[in-house]
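Each value in this text was obtained by applying a stated rule to the coordinates, not by laboratory testing. Here the structure is a predicted model, which is why all the values come from computation and not from measurement. Here Cβ is always computed from backbone atoms with ideal geometry, including for glycine, and neighbour counts include all displayed protein chains.
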Amino acid sequence: MKKFVAIISLVFILSPIILTACWDNRDIEELHIVTGIALDVNKTNDNFIDVTLQITNIQPGDAGKSQSVGNDDKPIIIKKSSKTIGDILKKLNNESNKFIFFHHIEVILFSMDLAKKGINNYIDFFLRDTRSRLEIPVIIVDGRAEDVLRVELQEENQSSIFLADSFQGAKTISKEIHVRLIDAAFKLACKHHCPIIPVVKVEKEMENDKLVDIGFVMFMDSKATTMFAIDDIYGYLFVKDEVHFTDLEIVASETDIVVLKINKLVPSPTVIVQGDKIILEVGINVDANIGEVEGFVELEPKEQLKLFEELLKKDVENRILKTFAIAQENKCDFYGISEMINKKNPRAWARLKDRWKDIFPTVEVKLDVKTAVKSTGQTNQTLEMEKIRNDDR
Amino acid sequence: MMIDKTQISGKRFMFTVAYFIQSSILLTSFTLSLTRQDSWLTVIFSFTLFLPMIWVYRTIMVQFPDKNLIQVLETVFGKFVGKLIGIGFTWFFLNLTTLNLRDLGVFTIITVMTDTPLIVLAIMCMFVAVYSVRKGINVVCRYSAAFTTLQITIIIISIFLVFDQAKFNNFLPIFDQPQLNYLQGVHVMSTIPFGELVVLLMLTPNIRMDKKLVAKYWYIGFAIGGVSFLLVMLREISVLGNLAHLFSLPSLTTFRLIHVGTIFNRIEILFAMALILLLTFKVVFLTYVTVLTIAQIMELENFENLCAVIGLLIVPLVITIYPNSIENQTSGQQVVPFIWMIFEIVLPIFILIVAAVKNLPKQKPKTTPIKQPQKNENN
């Protein structure tokens with residue numbers, strides 16, 4: 001009996017602790033699930049920032065739908081201004097009828113104006129905040145970042161999810177395209193390494209809005225400086241990391257054009273330090289297939305392959321040299337050569353680091369590109385070539 | 001006098017050694033902030049340097065097979081001095097329990113229960129600990145093999161899942177930190193995860209194993225724990241690179257980066273739950289050792305009634321021991337290793353020296369097993 005009373009007493013004593021485990025629970029209808037956040041410079045006060053949130057519109061009963069929640073409804077957009085993100089989120093929470101839920105954020109957008117002022121403090125906020133994800137993409141917007149969240153797309157109701165998906169997809173080409181929050185932080189933390197971050201823009205096409213990748217912007221001392229076109233990014237990717245499944249259009253002459261599908265491009269960069277002379281040596285192996293051919297009718301298939309390999313080699317070299325020249329012109333080491341020297345030869349780096357901005361434009365590039373066009377696809381030659389050969393018979 | 005009559009097998013003891021080190025993997029930030037990308041070397045150095053201490057622990061166990069650490073102290077230094085040093089060890093064990101319970105609470109708050117007060121989590125965990133400790137060492141260590149396997153599985157799976165994000169360049173340059181940092185890093189590693197193994201000397205009379213196998217179980221257990229720690233450190237550095245030292249919980253950050261297709265992402269909660277489970281086991285074990293130590297010093301025949309009292313003592317300590325995580329980390333790097341060193345390295349060596357001078361133990365231990373297996377024992 002005594003034992004029974006003791007157990008019952010213990011249950012009563014402990015029940016307030018155990019049963020209150022759900023005291024702070026929140027149903028999905030009580031949440032504002034943020035999917036995208038945009039940061040802009042305030043139009044009237046330069047010291048203030050505007051924070052715009054894109055929120056999934058959850059209607060009562062959505063949970064039982066077979067489609068993903070909020071798919072049919074336009075997202076909710078809310079905006080506030082203050083000096084810090086923390087203060088803005090607090091104000092938004094106070095003014096909102098629902099709790100702002102930050103855990104499912106898909107993308108972080110900065111306007112170009114804000115990026116030019118520096119984004120380190122804001123990156124630090126997201127890095128510190130236990131609710132934010134470190135693998136989400138960081139994107140710069142040419143124009144107002146909030147416009148990207150307000151845009152109405154045909155493909156997806158929520159532009160933040162569209163952007164996150166498209167950058168996730170771009171990872172299949174190269175990991176370097178998808179700049180995650182942690183990558184941005186990683187590169188911004190290096191003193192001499194200038195990160196590059198993708199830039200998107202809202203464009204009107206017919207009656208619909210469209211989000212377009214327009215290029216990459218270079219960061220120096222944590223501030224955005226110069227932008228380069230999206231087509232020039234290949235010259236960076238071909239040196240930095242493996243590239244898969246991308247098409248290169250090579251124009252040999254007005255009538256002769258070939259599109260080569262790169263299956264795999266593997267670079268192996270090394271930096272050679274000879275006193276103050278720095279040489280970047282990059283060995284590159286490229287495997288490609290023929291995707292499309294226009295012209296080249298006078299060549300036999302075998303000769304074509306040889307020519308295409310030569311054209312591909314030249315194209316890869318030209319792209320690298322062009323993008324490297326952009327980096328050198330802007331004294332912006334986004335290739336991370338400073339990091340490579342520091343990691344492989346810390347003593348040399350200690351000698352060079354104070355003069356790096358002057359040394360980087362003198363870095364020499366040596367390329368050793370080996371190309372192999374391995375497949376012609378389902379056909380061996382074009383219909384045009386076949387027609388000529390049939391006429392000759 | 002043997003307070004806890006229950007016993008564990010040698011193999012279970014081996015897994016307890018391994019598990020005990022594994023459960024400290026949340027503390028990689030202590031070393032990472034000192035030796036950064038070279039922290040994996042720090043683990044190897046400290047592991048190698050600590051091997052002689054494992055021999056010291058093993059020798060104490062073999063020389064005094066029927067005595068726990070407090071009884072050994074009383075035998076070697078005499079009743080009064082032995083008890084005095086024993087009180088010092090009680091303080092050490094109490095602090096270890098408190099710190100680990102705090103780590104568990106803070107980790108739970110960051111990962112799962114963000115709005116739950118630390119005190120609620122501390123009470124709940126202590127409730128489990130007190131309940132288990134009352135059942136004796138057999139219950140406390142019953143799942144050590146399962147937990148060790150779980151921990152190894154987590155480490156291996158997580159390495160596979162983040163492998164595409166690992167960059168071998170992140171380990172470079174090697175030996176680029178100030179020399180003093182390596183010394184401090186090795187010191188921190190040796191005293192905080194490895195040196196804490198001294199608590200296992202409280203189990204000596206409760207372990208049933210052949211004298212010849214004591215060294216084997218110690219070294220294998222230590223190797224499993226050390227390799228696990230090394231793998232975690234390699235994973236953290238290769239994935240987080242120059243930011244690894246910036247995070248207070250690098251393991252959690254690494255788990256958060258897992259993103260394989262659309263299925264394997266945002267699964268850090270699964271790893272976090274497993275880590276919470278593992279840390280709970282360590283807290284339970286440390287609570288057992290603390291209770292046993294106090295019972296031994298007070299010469300109690302029964303320690304069951306003491307469990308709840310010790311539990312009640314630890315909970316307020318958890319709340320007050322450090323005001324924030326920065327204080328915790330600073331103390332973990334600059335103060336704690338020096339104090340811990342006294343209990344983990346200096347005193348055990350001193351025990352062996354004094355025992356040798358006094359020619360102790362007087363009666364040579366039996367050459368037969370430390371404890372003969374009991375037939376009807378529930379293992």
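Between A:D124 and A:N263, what FRET efficiency follows from the Cβ-Cβ distance if R0 is 51 Å, with the result rounded to 0.05? Taking R0 as 51 Å, the efficiency between A:D124 and A:N263 is 0.80. Kirkwood's formula applied to the C-alpha pairs of the protein assembly as shown gives a hydrodynamic radius of 30.2 angstrom. Remark: region A:138-148, residue by residue, has Karplus-estimated 3J(HN,Hα) of 9, 9, 9, 10, 7, x, 7, 5, 5, 4, 5 Hz, where x stands for each Gly or Pro and the curve is 6.51 cos²θ - 1.76 cosθ + 1.60 at θ = phi - 60°.
Residue-normalised convex hull volume from the C-alpha trace of region B:1-133: 164 Å³ per residue.
What does the average come to when, for each residue of peptide B:229-242, you count the partner chain Cβ atoms lying within 10 Å of its Cβ? Each step should come with its number before you reach the end.
Working: counts 0, 0, 0, 0, 0, 0, 0, 0, 0, 0, 1, 3, 6, 7.
Rounded to a whole number, the mean comes out at 1.
If only the Cβ of Lys and Arg carry +1 and only the Cβ of Asp and Glu carry -1, the dipole of the protein assembly as shown around its Cα centre is close to 5060 debye.
Inter-part distance, region A:151-217 to region A:302-321, computed on C-alpha centroids, equals 29 Å.
What does the charge dipole of region B:8-357 about its Cα centre add up to, to the nearest 20 debye, if the Cβ of each Lys and Arg holds +1 and the Cβ of each Asp and Glu holds -1? Provide the component values of the computation, followed by the final result.
Working: 20 positive and 16 negative charges, 148 e Å.
The dipole of region B:8-357 has a size of about 720 debye.
Note on chain A: dipole from Cβ charges, positive end direction compared against A:I100, A:V363, A:V251; the farthest Cα belongs to A:I100. Just so you know, the Cα atoms of chain A work out to an Rg and Dmax of 27.2, 110 Å.
Model label sites at A:I13 and A:K98, defined 7 Å from Cα along the beta-carbon direction, differ in position by 4.3 nm. Using C-alpha pairs below 8 Å separated by at least 6 residues, the relative contact order for chain B is 40 percent. For region B:174-203, the residues whose backbone nitrogen is under 20 Å from a point 7 Å from the Cα of B:I44, taken along Cα to Cβ, are B:174-191, B:193-194.
Ranked from largest, the principal axis spans of the Cα set of region B:8-357 equal 60, 42, 37 Å.
Compute the convex hull volume of the Cα atoms of region B:219-349, divide it by the residue count, and report the result per residue in Å³ as a whole number.
Values: hull volume 24.1 nm³, N = 131.
Cα convex hull per residue, to the nearest whole number: 184 Å³.
Would you mind pulling out the separation of the Cα centroids of region B:17-43 and region B:123-175, in Å? For region B:17-43 versus region B:123-175, the Cα centre distance is 13 Å. Length available on full extension from A:M1 to A:E155: 0.36 nm per residue minus the Cα-Cα distance, which gives 48.5 nm. Relative contact order for region A:27-231: 19 percent, from Cα pairs under 8 Å spaced at least 6 residues apart, divided by residue count. Within region B:140-283, all pairs of alpha-carbon atoms sorted by distance into 5 Å bins from zero give the percentages 2, 7, 14, 20, 18, 15, 11, 7, 4, 1, 0. Here the protein assembly as shown carries DSSP beta bridges of which approximately 70% are antiparallel, counting only pairs with both residues inside.
Just for chain A, what percent of DSSP beta bridges are antiparallel, to the closest 5? Antiparallel bridges make up about 70 percent of those DSSP assigns within chain A. Would you kindly calculate the translational diffusion coefficient of region A:242-393, applying Stokes-Einstein with the Kirkwood radius from alpha carbon pairs, for 37 °C and a viscosity of 0.692 mPa s, and quote it in µm² s⁻¹ without decimals? D, rounded to a whole number, is 186 µm²/s.
With the simple model of a label 7 Å out from the Cα in the direction of the Cβ, A:I78 to A:K370 spans 5.9 nm. The calculated FRET efficiency for the pair B:K216 and B:R134, based on their C-beta separation and a Förster distance of 45 Å, comes to about 0.90.
Distant-in-sequence amide contacts of A:F334, defined by a placed amide H-H separation under 5 Å and a gap of 5 or more residues or a different chain, comprise A:C194. Please report the base-10 log of the normalised intensity I(q)/I(0) for region B:153-235, using a Debye sum with one equal scatterer per alpha carbon and no solvent, at each q in 0.10, 0.17, 0.20, 0.23 (1/Å). Those come out to -0.41, -0.94, -1.08, -1.19, one per q.
Got a sec? Which residues in region A:299-338 would a label at A:D231 touch, if it sits 7 Å along Cα→Cβ and we count backbone N under 19 Å? Within reach of a label on A:D231, which here means backbone N under 19 Å from a point 7 Å along Cα→Cβ, region A:299-338 contributes A:311-327.
Shape summary of region A:27-231, radius of gyration then Dmax from alpha carbon positions: 16.6, 53 Å. When you filter the trypsin sites (Lys or Arg not before Pro) in region B:4-65 for DSSP loop state and at most 13 other Cβ atoms inside 10 Å of their Cβ, you are left with B:K5. Per-residue Cβ neighbour counts within 10 Å put A:C332, A:C190 in the sequence A:C190, A:C332, beginning with the fewest. Each of B:N169, B:W40, B:Q333 was scored by the projection of its Cα onto the charge dipole of chain B, and the greatest displacement toward the positive side belongs to B:W40; charges sit on the C-beta of Lys, Arg, Asp and Glu. Reducing region A:327-372 and region B:208-267 to their Cα centroids gives an inter-centroid distance of 35 Å. Computed about the Cα centre, the dipole magnitude for region A:72-111 is approximately 260 debye when only Lys and Arg (+1) and Asp and Glu (-1) carry charge, each at its Cβ.
Which semi-axis lengths, in whole Å and largest first, follow from the square roots of five times the eigenvalues of the Cα gyration tensor of region A:262-328?
Details: eigenvalues 200, 32, 22 Å².
Rounded to whole Å, the semi-axes are 32, 13, 11.
Only one residue of B:F64, B:A274, B:G185 has its Cα farthest out toward the positive end of the dipole of region B:8-357, where Lys and Arg carry +1 and Asp and Glu -1 on Cβ, and that residue is B:F64. Considering only B:I70, B:I157, B:I294, the mean-square fluctuation computed in a Gaussian network model of chain B, springs between alpha carbons under 10 angstrom, is largest for B:I157. Take every pair of alpha-carbon atoms less than 8 Å apart whose residues are at least six positions apart; their mean separation over the length of chain A yields a relative contact order of 12 percent.
Largest first, the three principal axis extents of the alpha carbons in region A:169-274 are 47, 44, 25 Å in whole numbers.
With r defined as the distance between the Cβ atoms of A:E298 and A:K171 and R0 fixed at 45 Å, what FRET efficiency is calculated, to the nearest 0.05?
Working: r = 41 Å, r/R0 = 0.90.
Efficiency for this residue pair is about 0.65.
Quick check on the exposure proxy: order A:S96, B:S23 from fewest to most C-beta atoms within 10 angstrom. Walk me through the intermediate numbers first.
Working: A:S96 14, B:S23 29.
Lowest count first: A:S96, B:S23.
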